[in-house]
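Report on one structure; see the data block that follows.
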Amino acid sequence: MKEGARKVAGYVRVSQERAARNGYGLGAQEQEVRRFAEYKGWRLVRLYREEGVSGYRRDRPAMERLLADAKSGRFDVAVFPSIARAGRSVRDVIEIDRALRAAVVERIFRWAAEGRSLPAIAKALREEKAPTRNGGAWHPSTIRGMLRNRFYTGRVEFEGELIRARHAAIVSDLLFERCCR
């Protein structure tokens with residue numbers, strides 16, 4: 001494992017005992033997550049387990065912990081053994097995906113506030129294959145544009161004034177200001 005390897009979290013879920021008997025129990029899923037992390041050279045730092053919890057349920061304690069830990073930057077990448085483990089409805093999977101991508105945005109701001117250069121941030125994101133909004137590659141100019149965009153603080157410019165937007169803030173005003181110095 002490389003020095004500075006991406007920190008990865010895995011999420012496994014089984015809703016029915018039948019799935020476990022059919023060979024796709026928590027153990028098999030955990031093994032897939034570990035194998036994938038090892039293949040990528042990533043360091044598995046946390047495994048979130050849901051046992052006997054349907055993917056249709058909105059209240060999944062391990063998923064909530066995963067999303068909270070992603071937001072606080074406890075890991076860089078989340079690995080699911082399959083999309084069906086994340087959720088059973090398209091809407092839920094999209095919401096989880098959005099929440100995990102908001103974690104990428106917050107990480108970019110945090111790295112910039114720590115003094116990392118724009119090329120270093122872009123390179124780290126390319127190496128971890130973090131997706132951009134448009135599916136392209138990360139470039140320093142992309143990062144610069146994000147760091148200057150108040151949209152991420154939950155505000156938009158309207159007629160020369162910053163107003164509260166309908167979307168939630170992804171980064172705090174304090175973090176935004178630390179990046180703009």
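The values are calculated or read from the model by the stated rules, or taken from the named source; none is laboratory data. Just so it is clear, the structure is predicted and the values come from calculations on it, not from any experiment. In this analysis, Cβ positions are derived from the backbone assuming ideal geometry, glycine residues included, and neighbour counts consider all displayed protein chains.
Hey, which of the helices (runs of 4 or more DSSP H) in the range 71-181, taking only ones fully inside, have at least 1 residues that are of a type in the set (Gly, Ala, Ser) and either surrounded by 15 or more Cβ atoms within 10 Å (Cβ to Cβ) or modelled with pLDDT under 85 (or both)?
It comes to 83-86, 90-113, 118-127.
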Item to check | Residue count for the range 131-181, restricted to those that are under 21 Å from Trp111 (Cα atoms) and basic (Lys, Arg) | outcome: 6
Item to check | the range 113-125 residues that are free of Cβ contacts under 8 Å to residues at least 12 places away in the same chain, paired with ones that are surrounded by fewer than 18 Cβ atoms within 10 Å (Cβ to Cβ) and in a loop (DSSP other than H, G, I, E, B) (beta carbon under 7 Å, 6 or more apart) | outcome: none
Checklist entry - With Arg65, Arg49 as the choices, which residue is part of a strand (DSSP E or B), within 23 Å of Gln31 (Cα to Cα) and modelled with pLDDT of 85 or more? => result Arg49
Next on the checklist: Considering only residues that are of a type in the set (A, V, I, L, M) and more than 21 Å from Phe75 (Cβ to Cβ), which ones fall in the range 104-145?
Outcome noted: Leu118, Ala137
Item to check | Only one of Ala169, Ala130 that is touching a helix residue (DSSP H, G or I) at 6+ places or on another chain (Cβ under 6 Å) and closer than 26 Å to Leu44 by Cα | outcome: Ala130
